[in-house]
Amino acid sequence: MNESNPASVSVSPPPYSVENYRLDDSVGYLIKRVRMVFSAAVDREMAEYDISYDQWGIVLTIAKGRGETAAELSREMCCDTGSMTRMIDRLEAKGMVKRTRSEDDRRIVRLALTESGQALADRLPEVMVRVLNRHLAGFSPEEVDLLKNLLKRILANAGAENHPIA
């Protein structure tokens, strides 16, 4: 096989056809179910902090420097700006996030974590590790690596390799 000639690269047949598609065995459905179960587990763990799965993503994204405006957060987290603004409003009301108008361009409102927001961001990895380890119990390190690589390939196929999601 000649790797430099795309025509000579073997292509696998598509994994799904109308004949073999079953919702409960669909990769998309399974990924969504895993996300829902994972989200519910994080919500339970975060209840004592009065923050939801979606809100912790915003806090962590700001803490990691991957979104300092509502528009950047919306793009980063694949969320519409209206929903993002409402979630930021709630985080601001909880004292986790503060808004500051840019001095260079008054149309831009920058977001930053408050002291309590940063303290929460520092605790989030501990919660996430607990939830991840519970859901990945029984997986070998090699299986976890394989799962991550397969999910990254799906993201790459979707054109999302340069669009990380918190």
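What follows is calculated from the coordinates using simple rules that are stated; it is not laboratory data. This structure is a prediction, so every number in the text was calculated from the model and none was measured. Reconstructed Cβ throughout: ideal geometry from the backbone, glycine too, with neighbour counts over all protein chains shown.
Computed with the Debye formula from one identical point scatterer per Cα of the stretch 25-132, without solvent, the log10 of I(q)/I(0) at q = 0.11 Å⁻¹ comes to -0.37.
Using the Karplus relation 6.51 cos²θ - 1.76 cosθ + 1.60 with θ = phi - 60°, the per-residue 3J(HN,Hα) values for the stretch 100-116 come to 9, 6, 5, 6, 6, 9, 5, 6, 8, 10, 8, 10, 8, 7, 6, 4, 6 Hz, with x marking Gly and Pro.
Put +1 on the Cβ of each Lys and Arg and -1 on the Cβ of each Asp and Glu in the chain; which of 138, 78, 37 then has its Cα farthest toward the positive end of the dipole? So the residue we want is 78. Could you give the longest part of the chain that holds none of the chymotrypsin sites (Phe, Trp or Tyr not before Pro) found in DSSP loops with at most 16 neighbouring Cβ atoms within 10 Å? It runs 22-138. Pairs over the 18 Å Cα-Cα cut-off, from the set 32/152; 32/94; 32/64: 32/94; 32/64. Loop-located GluC sites (Glu not before Pro) in the stretch 77-137 (DSSP state not H, G, I, E or B) with no more than 15 neighbouring Cβ atoms inside 10 Å: 103.
For the stretch 35-48, backbone phi angles converted through the Karplus equation (6.51, -1.76, 1.60; θ = phi - 60°) give residue-by-residue couplings of 4, 5, 5, 4, 4, 5, 5, 5, 4, 4, 5, 8, 3, 5 Hz, Gly and Pro being listed as x. Of the trypsin sites (Lys or Arg not before Pro) found in the stretch 103-164, those in coil by DSSP whose Cβ has at most 14 other Cβ atoms within 10 Å are 106, 107.
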